[in-house]
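Right, one structure below, let's go through it.
The values are calculated or read from the model by the stated rules, or taken from the named source; none is laboratory data. Note that the coordinates shown come from a computational prediction; the quantities given were computed from them, not determined experimentally. Cβ: placed from backbone, ideal geometry, glycine included. Neighbour counts: every protein chain shown. Remember, those area values only see protein heavy atoms, side chains included, never the ligands or the DNA or RNA. Shrake-Rupley method; radii C 1.70, N 1.55, O 1.52, S 1.80 Å.
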Amino acid sequence: MDYLEIEPNGALNGTITVSGAKNAALPLMCAGLLTDDTLTLEGWPNLADTHSMNALLQSLNMSTAIDGDTLTLRANGAINPIAAYDLVRKMRASILVLGPLLARLGTAKVSLPGGCAIGSRPVDLHIMVMEKLGAHVRLEDGYVLADAKKGLSGNRITFPSISVGATENALMAASMAKGETTLLNPAREPEIIDLAECLIAMGAKIEGHGSGCISIQGVDTLHGARHKVIPDRIEAGSFAIAAAITQGALTLKNAHADHLDALLKALTQAGAKIKTDTTSINISMQNRPKAVNITTEPYPGFPTDLQAQFMTLMCIATGTSQISETIFENRFMHVPELMRMGADIRVSGGVAEVQGVEALTGAPVMATDLRASISLVLAGLVAAGRTTVGRVYHLDRGYDRLEEKLNACGARISRIKE
Ligand code: UD1
């Protein structure tokens, strides 16, 4: 298994171009199932997760071709309605094929994502959406079996709590349902807006995306389109924190500051200087950060996917900060690893209290999930001595050429092959 070896090397300075958003690309790829024409995605990020989705779509009989950062998808043959466990278990986002398969074929059999049981890591909202659209859904042998022999029908759907994935499945399925669908309390993330814009380019009739009420007028068929994936706000946010933690200055190109309001506000409170224009963010930091409290929330709140990275910054802040995680239980798995590097953190329920220390020290640490792994890399950039980050495959799920991008700005990160 590969691991990363990181030596501190002072401030990061330079320019980084942010890749296309993983979390936008994954649902966009699934939208290709809704038409027998070609869907072309530009700015497609080359990542373990997008390749896993590519393999899953190919197993459904979709033709796909990768040319640099352009992906073309075409589902013009006999589509296989079965998303098998072996491919689905690699990534929870695989559940996003459910809505498109059902809308296009009237039937779908999709494995529950790995270790996933209704109740603990649920897909109940995805299922609720399909049932509201008229599908008959049952669970059998670890699979979601859904049928809508006469096609899906529009309905009024109120989400009891906000779910990004369930909103995306709803958008895709309702685009081809009969009649009108209204989604109340949907997710408002930029990735939702990007998916809606792509569906509209494919002929869907959608209004209100990005607001608390989305209406969709179903159409019989969708056509092909060419769509550019939005920049990855989580990658951009992670690099902004890299600039702040090393007291450096980075210009992030292909970054939308308005997608990162909550983070940029917190970084400013911590002492960073931030300048933005429509496609770039310039961030610099000259002092040790000040402690700032954050609470993760659905967009436009502070993203849970940047919680671990911000916590790393707070580990070396002056003062004590409270980091509250409200989206996922058990999303503090990076805490014991940061503590091995000298961080002073106490967790109680969904709140971590971080007492800033003057410096972290390098240590061998283990990545536990995608965002936890980048938080350990950020810690390694400033920890005295050498840090090794194991299980780097977590990082490869969501960060495109991470070492190359950071090393070009002065970081010293090497990938060691075992
Ligand atoms: C997406 C992102 C992920 C991000 C998350 C929250 C992708 C591919 N992944 O994940 O990076 O961390 O949004 O911003 O876009 N829930 C239910 N029932 C369901 C579905 C979700 O209870 O059927 C719960 C989840 O357990 C979680 C919360 O709702 O506690 C939010 O999850 P959701 O927004 O659905 O996250 P994902 O779409 O899986």
When you scan the range 112-207 for strands (runs of 3 or more DSSP E) that lie fully inside it, which ones turn up with 1 or more residues that are within 16 Å of the ligand (Cβ to nearest atom)?
136-140, 143-147, 156-158, 180-184
Of the listed residues (247, 322, 217), the one being in the same structural domain as residue 71 (by TED's automatic domain parsing), away from the ligand (no atom under 16 Å from the Cβ) and not hydrophobic (A, V, I, L, M, F, W, C) is 217
Based on what the data block shows, is residue 240 in the same structural domain as residue 400 (by TED's automatic domain parsing), part of a loop (DSSP other than H, G, I, E, B), open to solvent by less than 10 Å² (accessible area, probe 1.4 Å) and under 23 Å from residue 408 (Cβ atoms)?
no
If we keep only residues of the range 226-237 that are touching a strand residue (DSSP E or B) at 6+ places or on another chain (Cβ under 6 Å) and of a type in the set (A, V, I, L, M), then the residue surrounded by the most Cβ atoms within 10 Å (Cβ to Cβ) is 236
Could you list, in sequence order, the residues of the range 51-93 that are within 16 Å of the ligand (Cβ to nearest atom) and not hydrophobic (A, V, I, L, M, F, W, C)?
51, 52, 54, 89, 90, 92
Which numbered condition trips up residue 262, out of (1) of a type in the set (A, V, I, L, M); (2) open to solvent by less than 10 Å² (accessible area, probe 1.4 Å); (3) part of a helix (DSSP H, G or I)?
(2)
Which residues, counting only those in the range 67-78, are over 24 Å from residue 236 (Cα atoms) and surrounded by fewer than 17 Cβ atoms within 10 Å (Cβ to Cβ)?
76, 77, 78
So, in the range 288-306, of the ones that are farther than 17 Å from residue 378 by Cα and of a type in the set (Val, Ile, Thr), which residue ends up farthest from the ligand (Cβ to nearest atom)?
292
Long-range neighbours under 7 Å by Cβ, at least six apart or interchain, first residue outside the structural domain of residue 34 (by TED's automatic domain parsing) within the range 199-213, second assigned to a strand (DSSP E or B)
none
Any residue that is farther than 29 Å from residue 161 by Cα, touching a helix residue (DSSP H, G or I) at 6+ places or on another chain (Cβ under 9 Å) and part of a loop (DSSP other than H, G, I, E, B) - is there at least one of those in the range 367-387?
yes
Subset of the range 347-387 that is more than 16 Å from the ligand (Cβ to nearest atom) and among the polar types (S, T, N, Q) - its residue that is farthest from residue 322 (Cα to Cα):
387
For the range 288-340, the count of residues that are small (Gly, Ala, Ser) and either buried (at least 19 other Cβ atoms within 10 Å of the Cβ) or closer than 17 Å to residue 238 by Cα (or both) equals 4
Output for the range 388-410, where each listed residue is part of a loop (DSSP other than H, G, I, E, B), away from the ligand (no atom under 16 Å from the Cβ) and closer than 15 Å to residue 4 by Cα:
391, 392, 401
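Residue-by-condition table, conditions (1) open to solvent by less than 10 Å² (accessible area, probe 1.4 Å); (2) outside any loop (DSSP other than H, G, I, E, B):
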| site | (1), (2) |
| --- | --- |
| 31 | yes, yes |
| 44 | yes, no |
| 50 | yes, yes |
| 54 | no, yes |
From 226, 233, 288, grab the single residue that is of a type in the set (Lys, Arg), at pLDDT 95 or above and under 19 Å from the mean Cα position of the chain (by Cα).
233
Does any residue of the range 139-156 turn out to be open to solvent by 20 Å² or more (accessible area, probe 1.4 Å), closer than 30 Å to residue 395 by Cα and touching a strand residue (DSSP E or B) at 6+ places or on another chain (Cβ under 8 Å)?
yes
